[in-house]
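Below is one structure, written out as structure tokens; the observations come after it.
The values are calculated or read from the model by the stated rules, or taken from the named source; none is laboratory data. If you're wondering where the values come from, they're calculated on a predicted model, not measured in any experiment. Neighbour counts run over all protein chains shown; Cβ positions are idealised from the backbone, glycine included.
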Amino acid sequence: MTHAQAQDVVTGADWVWVADVDEFLKIHAGDHSIPALIAACGDPQAISVSFQFFANDGVRGYGDRPVIAQFTRAHNPDLWCAETAIEVKTLVRRDFPLRYYGAHRPFFRASLPAERRPVWTDGSGRMVPEPFLTAANSRRIRKFPARGARRHATLNRYALRSLDSYLVKIDRGDVNRAGRAFDDSYWRMRNDPAWEDRSVLRALPALDAALSVLKSDPEIAALNDVCVARHRARRLALMDDPAYRAMYAQLRDAPTLPPAEQALMRQLGLILPTRRT
């Protein structure tokens, strides 16, 4: 991102959107376009949109289909695990007083006078909280309370996908942080199917049409087929490893209650303690 910041495609853009390939911007305002979101939020210099983590919901096998068509259940939009503060990704206007881009939000210099601070809203067009704006709290520099923050937009995040794909993700590791493990705890915190949300499916016909156009190119179609075959082959290879077979079974049988919620229910006597034998 540091390198990209100086590139013509970025410096010449009216807006910059920083997101991962498993994150889908879902706009509720107007015609569901980015211009409609910008207008609904009052044309600020930045818009931070809250995550909604979509659960695995019992899908085991990998399929070469859009993830938005396969996974429709998520956590309560206002509450993720034990957190009311939920991560965001940010749309940034070219006149933002940029110091550097972060993965979740841009930063400006702490010495910037108050009158030059950017106009910055959440997905409902409300000003973002002051501690988030100024990065005053290290625990909140990439998230803020999600309640009421999704009127105009939500960011659908598909971090788990199928159990087969998650196994391959464990094997791959984190591309940004060496040594980070995608394990049982990562899975359980995000595999909360309490809320059904099918609203993104309105984009599926247009997405299918766009994919058909891309795959009409023989080279692109062939490369897609290679990727799919390699993904499936890697999953089969991993299942020959006893440790990965054990992890697969552990994830398959794990409760869908997030650990913090399960602990609270146990404390309230709504779940009996597990008997050890």
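Given the structure, is Q52 modelled with pLDDT of 95 or more, within 27 Å of R188 (Cα to Cα) and out of contact with any Pro (no Cβ under 8 Å at 6 or more places or on another chain)? Full working, then the answer.
On the way: modelled with pLDDT of 95 or more: yes; within 27 Å of R188 (Cα to Cα): yes; out of contact with any Pro (no Cβ under 8 Å at 6 or more places or on another chain): no.
No: the conditions fail for Q52.
P255 meets all of the listed conditions (1) modelled with pLDDT of 95 or more; (2) surrounded by fewer than 13 Cβ atoms within 10 Å (Cβ to Cβ); (3) under 23 Å from Y158 (Cβ atoms) but one, namely (1). Residues that are among the aromatic types (F, W, Y) and over 21 Å from the mean Cα position of the chain (by Cα) occur at least once in region 92-99. Taking strands (runs of 3 or more DSSP E) as the structural unit, those lying wholly within region 81-158 and holding at least 2 residues that are farther than 30 Å from P255 by Cα and of a type in the set (V, I, T) correspond to 85-93. A search for C-beta distances below 6 Å between a residue of region 190-202 that is within 23 Å of I27 (Cβ to Cβ) and any residue that is among the charged types (D, E, K, R) and surrounded by 13 or more Cβ atoms within 10 Å (Cβ to Cβ), counting only pairs 6+ apart in sequence or on different chains, returns E196/R73; V200/K26.
One residue alone among S138, S33 is free of Cβ contacts under 8 Å to residues at least 12 places away in the same chain, under 23 Å from R198 (Cα atoms) and more than 16 Å from the chain's Cα centre (by Cα), and that residue is S33.
Every condition in (1) within 28 Å of F108 (Cβ to Cβ); (2) in contact (Cβ under 8 Å) with a residue 60 or more places away in the chain; (3) buried (at least 17 other Cβ atoms within 10 Å of the Cβ); (4) over 12 Å from the mean Cα position of the chain (by Cα) holds for I38 except the one numbered (2).
Here are some residues: V49, V16, V59. Which one is of a type outside the set (K, R), over 23 Å from R147 (Cα atoms), in contact (Cβ under 8 Å) with a residue 24 or more places away in the chain and touching a Ser or Thr at 6+ places or on another chain (Cβ under 7 Å)? If you could, list the steps in order and put the result at the bottom.
Working: V49 fails: over 23 Å from R147 (Cα atoms); V16 fails: touching a Ser or Thr at 6+ places or on another chain (Cβ under 7 Å).
Going through V49, V16, V59 in turn, just one is of a type outside the set (K, R), over 23 Å from R147 (Cα atoms), in contact (Cβ under 8 Å) with a residue 24 or more places away in the chain and touching a Ser or Thr at 6+ places or on another chain (Cβ under 7 Å): V59.
The residues of region 209-246 that are surrounded by 14 or more Cβ atoms within 10 Å (Cβ to Cβ) and either more than 23 Å from R172 (Cα to Cα) or touching a Leu at 6+ places or on another chain (Cβ under 7 Å) (or both), listed by number, are L211, K215, R235, L238, Y244. Restricting attention to region 12-24 and to residues that are under 22 Å from R202 (Cα atoms) and touching a strand residue (DSSP E or B) at 6+ places or on another chain (Cβ under 6 Å), the residue that is surrounded by the most Cβ atoms within 10 Å (Cβ to Cβ) turns out to be F24. Got at least one residue in region 60-74 being farther than 24 Å from A135 by Cα, hydroxyl-bearing (S, T, Y) and surrounded by 16 or more Cβ atoms within 10 Å (Cβ to Cβ)? Yes, the conditions are met somewhere in region 60-74.
For A153, indicate whether it is modelled with pLDDT of 95 or more, surrounded by 13 or more Cβ atoms within 10 Å (Cβ to Cβ) and closer than 30 Å to G30 by Cα. Taking the combined requirement at face value, the residue satisfies it.
Check region 18-34 and report whether any residue there is assigned to a helix (DSSP H, G or I) and at pLDDT 95 or above. Checking region 18-34: at least one residue is assigned to a helix (DSSP H, G or I) and at pLDDT 95 or above.
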